[in-house]
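The structure under discussion appears below in the form of structure tokens.
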Amino acid sequence: GGMAGVVFSPAPLVLLAAEKDSEYARSVATAIQEVLQQSQPLGIGGRQTVELAPEISMLGRLLYFYMAYVGGHRTLGQEYCDLLPVQMIPVPSSTSPRGHLQPHLLTRETRMGLTALQAFMPYLHERLEAGRLPWLASSPLEQHHSQGQQRPHQQSQPSPSAASPSPEVEGASLSSWASSRLQASRPTILGLLRWLSRCNLMLFYFSDRYYEWCTRLLGIRLIRPATARPTRIRYVALALLLAVEVLGGGALSLWSGVGVLRQFLAQHGGRGSARLSEGSLPAESEAQDQSRGATHTGSSPRGVPSDNSDEASSDEADPAPRCVICMSPRRHTAATECGHLFCWDCIMGNFQASRECPLCRQKIEPQRVLRLYNAR
């Protein structure tokens, strides 16, 4: 039912409770990591621990909030600040036909939903920033199909099976095209998520409501006893600065988006409609254009590969340098004192397990690792 003798929590206590919960969740994740490293049947070392760091962090948050919310009604951080999460539910009244919002204790379903959101939303955002979501990776069938398209000169004459691809290859081509489109739009998605996060933080500083997206989605607020000591700290100045940043960033993004849209329509307006009417995929059309260009520009007869085509194919097949820790193309290249190159996040995560170079085992210090810009 409704609650009397309580007031809504001010922003400083909400921030303090959230920070405490983050520390406790990290402690649970650290304990899980130590158990995995010390478990001999599993045999997980420092390299595997770095690769599984997002999953371990997600599991730590899931266990912590599950024990806090499903086993009780509030987290340790909320208990430290003497706060209680409640859900604002409209209650009909004679003065207001739509009713007015009243705080009620969280139901079990709401607590389970809040636990899932607080565990999985940071994990998905972290994976999206690293570009390692499952649907952004290519399957072996897609890789084989793309390699076959990159080397058309290896086949002297087209075979009947090549003229009519199997349904599996067609599905792989469509999936590869969708994955490449999603990968290309990833910076735009990340920019939009950061802008929405700034908007949410700005609204929180203005109104002291809903510090996290999951609480805003579920309509959950924090209350405390009315007899508690009042807090006069407000964050209006920070809210105004964030408002300037949000409005300015939104205007610039909108202006650049309109410019990109105009340029795209000017360049591909006519050809795009013709290709869509023919029912061909953009990836297939580009591959056909490349094959036609190679046929017309080559100096050798049809079916005989030329030297220029071999050089071009070797250049296209040249893979991007990979990090030996995550075995993926290097992102934000970092160099150690011994001269080896890794991903910045990978080598910094490796310092949690060891202060040695993963390749030569030389002693290195985190403050001596250099970030390389414009490095391949």
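No lab work stands behind these numbers, since they all come straight from the coordinates. Because the structure is predicted, anything quoted here is derived from the model rather than measured. Because the Cβ atoms are built from the backbone with ideal geometry, glycine has one as well, and the counts that use them run over all protein chains shown.
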query = What nm distance separates the two modelled labels at Met348 and Ala31, each placed 7 Å from Cα along Cα→Cβ?
reply = 2.7 nm
ask   = Non-local amide H neighbours of Ile223 (under 5 Å, H modeled in plane, Pro and chain starts lacking H): which ones?
value = Ser9, Leu84, Val86
message = If each residue of separation counts as 0.36 nm, what is the full-extension length gain between Arg232 and Arg216 once their alpha-carbon separation is subtracted?
response = 3.4 nm
request  = Pull out the extension gain between Met327 and Leu261, defined as 0.36 nm times the separation in residues minus the alpha carbon to alpha carbon distance; nm, one decimal.
outcome  = 20.2 nm
ask   = What list of ³J(HN,Hα) values in whole Hz, one per residue of region 56-72 in order, does the Karplus curve 6.51 cos²θ - 1.76 cosθ + 1.60 (θ = phi - 60°) give from phi, with Gly and Pro shown as x?
value = 5, 4, 5, 5, x, 5, 5, 5, 5, 6, 5, 5, 7, 8, 6, x, x
